[in-house]
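Below is one structure, written out as C-alpha coordinates; the observations come after it.
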Amino acid sequence: TDNMTTNELIGTAEVSQILGITRSGVNRRVELGSLHPAGTIGPRRIRVFDRAEIEKLAREENSHV
(Lines give C-alpha, C1' and ligand atoms only; values in the text may rest on other atoms or scores of the structure.)
Protein backbone atom coordinates (compact mmCIF):
# COMPACT_ATOMS: atom_id res chain seq x y z
CA THR A 1 0.00 0.00 0.00
CA ASP A 2 1.17 3.55 -0.59
CA ASN A 3 1.25 6.30 1.99
CA MET A 4 -1.05 8.60 0.05
CA THR A 5 -4.10 6.73 1.30
CA THR A 6 -3.40 7.78 4.89
CA ASN A 7 -2.88 11.46 4.06
CA GLU A 8 -5.79 13.10 2.31
CA LEU A 9 -4.52 16.22 0.58
CA ILE A 10 -6.81 19.21 0.24
CA GLY A 11 -6.53 22.59 -1.44
CA THR A 12 -6.65 26.12 -0.11
CA ALA A 13 -10.41 26.44 -0.61
CA GLU A 14 -11.12 23.44 1.60
CA VAL A 15 -8.62 24.61 4.21
CA SER A 16 -10.38 27.97 4.35
CA GLN A 17 -13.73 26.24 4.94
CA ILE A 18 -12.38 24.01 7.71
CA LEU A 19 -10.62 26.86 9.52
CA GLY A 20 -13.37 29.38 8.82
CA ILE A 21 -11.01 31.91 7.25
CA THR A 22 -10.66 33.34 3.75
CA ARG A 23 -8.37 31.88 1.12
CA SER A 24 -6.15 34.93 1.40
CA GLY A 25 -6.10 34.27 5.14
CA VAL A 26 -4.84 30.77 4.44
CA ASN A 27 -2.11 32.14 2.17
CA ARG A 28 -1.16 34.76 4.75
CA ARG A 29 -0.77 32.07 7.41
CA VAL A 30 1.48 30.07 5.09
CA GLU A 31 3.64 33.15 4.53
CA LEU A 32 3.76 33.80 8.28
CA GLY A 33 4.75 30.18 8.86
CA SER A 34 1.75 29.20 11.01
CA LEU A 35 0.38 26.87 8.30
CA HIS A 36 2.56 24.35 6.54
CA PRO A 37 1.58 23.01 3.12
CA ALA A 38 2.21 19.32 2.52
CA GLY A 39 3.58 20.33 -0.88
CA THR A 40 2.68 21.92 -4.18
CA ILE A 41 1.11 20.44 -7.29
CA GLY A 42 1.54 21.21 -10.97
CA PRO A 43 3.16 24.02 -12.92
CA ARG A 44 1.19 26.66 -11.02
CA ARG A 45 2.55 25.22 -7.76
CA ILE A 46 -0.87 25.01 -6.14
CA ARG A 47 -0.49 24.42 -2.42
CA VAL A 48 -1.94 21.28 -0.90
CA PHE A 49 -2.40 20.52 2.77
CA ASP A 50 -2.83 17.41 4.89
CA ARG A 51 -6.51 17.29 5.87
CA ALA A 52 -5.82 15.62 9.23
CA GLU A 53 -3.33 18.34 10.18
CA ILE A 54 -5.78 21.11 9.25
CA GLU A 55 -8.64 19.46 11.17
CA LYS A 56 -6.38 19.09 14.21
CA LEU A 57 -5.49 22.78 13.97
CA ALA A 58 -9.17 23.70 13.68
CA ARG A 59 -9.98 21.70 16.83
CA GLU A 60 -7.13 23.37 18.73
CA GLU A 61 -8.21 26.84 17.65
CA ASN A 62 -11.87 26.19 18.44
CA SER A 63 -11.03 24.93 21.91
CA HIS A 64 -9.65 28.37 22.84
CA VAL A 65 -12.98 30.13 22.29
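The values are calculated or read from the model by the stated rules, or taken from the named source; none is laboratory data. Small disclaimer: the values here were computed from a predicted structure and weren't measured. Cβ sites come from the backbone with ideal geometry, for glycine too, and all protein chains shown count toward neighbours. Ligands, DNA and RNA are stripped out before the accessible areas are found, and what is left, the full protein with its side chains, is counted by its heavy atoms. Shrake-Rupley method; radii C 1.70, N 1.55, O 1.52, S 1.80 Å.
The table for this structure:
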{"quantity": "Intensity falloff of the chain expressed as log10 I(q)/I(0), Debye formula with alpha-carbon point scatterers, at q = 0.28 Å⁻¹", "calculated": "-1.34"}
{"quantity": "Accessible area of the chain divided out per residue, in Å², using a probe of 1.4 angstrom", "calculated": "74 Å²"}
{"quantity": "Solvent-accessible surface (1.4 angstrom probe) belonging to Ser24, in square angstrom, nearest 10", "calculated": "60 Å²"}
{"quantity": "Whole-number percent relative contact order across the chain, with pairs defined as alpha carbons under 8 Å at least 6 apart", "calculated": "37 percent"}
{"quantity": "Theoretical FRET efficiency, 1/(1+(r/R0)^6), r = Cβ-Cβ of Ser24 and Arg51, R0 22 Å, to 0.05", "calculated": "0.60"}
{"quantity": "Accessible-area composition of the chain, carbon plus sulfur, in percent [1.4 Å probe]", "calculated": "50 percent"}
{"quantity": "12 Å beta-carbon shell around Arg51, net charge (K/R +1, D/E -1)", "calculated": "-4"}
